[in-house]
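*Asks:* Provided herewith is a single structure, encoded as structure tokens, for subsequent inquiry.
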Amino acid sequence: MSLQTKPPLTKEDYSLTPKQIEFALSLIEKTREYELAMYPANLTVKDLNKLIAFNRYKNKGIIVNLVKKGVLRKKALGDYDGANKVKITKQNRNSCQHL
């Protein structure tokens, strides 16, 4: 009875398939406040697992770690609606009702 050992994992084994990349991008879109800060092909299985965990448990620490790693970055102020928040400019300062 011989034990078969798996070959060591290479960097290529951690890369995502196109379908996994698409899924990771959809999870990032759900965060609304963050965007991808790197090329999508550079995402790893570990990054995908963290995104899945964030969407399940809503733990902000996961997002903070992804930002520190350089996977995500905060969107510019005007790039998301942020639960009805409106970017304040001189033109709409008087008409701004939701903040």
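Every read-out reported here was derived from the displayed coordinates using simple, explicitly stated rules and does not represent laboratory data. Keep in mind that what you see is a predicted model, and the values were worked out from it rather than measured. Ideal geometry is used to build each Cβ from the backbone, glycine not excepted, and the neighbour counts take in all protein chains shown.
*Asks:* From Cα coordinates alone, what are the radius of gyration and Dmax values for region 15-79 in angstrom?
*Replies:* 10.9, 32
*Asks:* Let me ask another. If amide hydrogens are placed 1.01 Å from N in the peptide plane, which non-local residues have theirs closer than 5 Å to the one on Lys75?
*Replies:* When sequence neighbours closer than 5 places are left aside, the close amide H contacts are Tyr34, Glu35.
*Asks:* Most exposed first by the Cβ proxy, i.e. fewest other Cβ within 10 Å, how do Glu35, Glu22 rank?
*Replies:* Working: Glu35 16, Glu22 12.
In order of increasing Cβ crowding within 10 Å: Glu22, Glu35.
*Asks:* Then there's this: Considering only Cα-Cα distances, which of the following residue pairs are longer than 22 Å: Lys19/Lys60; Lys19/Lys75; Lys30/Lys69; Lys19/Lys74? Intermediate results must be reported in sequence, preceding the final value.
*Replies:* Working: Lys19/Lys60 25 Å; Lys19/Lys75 24 Å; Lys30/Lys69 19 Å; Lys19/Lys74 24 Å.
Over 22 Å Cα-Cα: Lys19/Lys60; Lys19/Lys75; Lys19/Lys74.
*Asks:* How do Tyr14, Tyr57, Tyr34 rank when sorted from fewest to most other Cβ atoms within 10 Å of their own Cβ? All intermediate terms of the calculation are to be shown ahead of the outcome.
*Replies:* Working: Tyr14 13, Tyr57 10, Tyr34 19.
Going from sparsest to densest Cβ surroundings: Tyr57, Tyr14, Tyr34.
*Asks:* Also, I was wondering about something else. Under the Karplus relation 6.51 cos²θ - 1.76 cosθ + 1.60, θ = phi - 60°, what is the ordered set of whole-Hz ³J(HN,Hα) values for region 69-77, x standing for Gly and Pro?
*Replies:* 6, x, 7, 10, 9, 5, 5, 5, 3
*Asks:* Could you give each residue of region 38-44 its phi-based ³J(HN,Hα) in whole Hz, using Karplus coefficients 6.51, -1.76, 1.60 with θ = phi - 60°, and x for Gly or Pro?
*Replies:* Each residue's phi maps through the Karplus curve to give 9, 5, x, 5, 8, 5, 10 Hz.
*Asks:* Once you have the Cα-Cα distance between Ala76 and Thr44, take 0.36 nm times their residue separation minus that, and quote the gain in nm to one decimal. Could you put the intermediate results ahead of the total?
*Replies:* Working: separation 32, 0.36 × 32 = 11.52 nm, distance 2.49 nm.
Computed gain between Ala76 and Thr44 is 9.0 nm.
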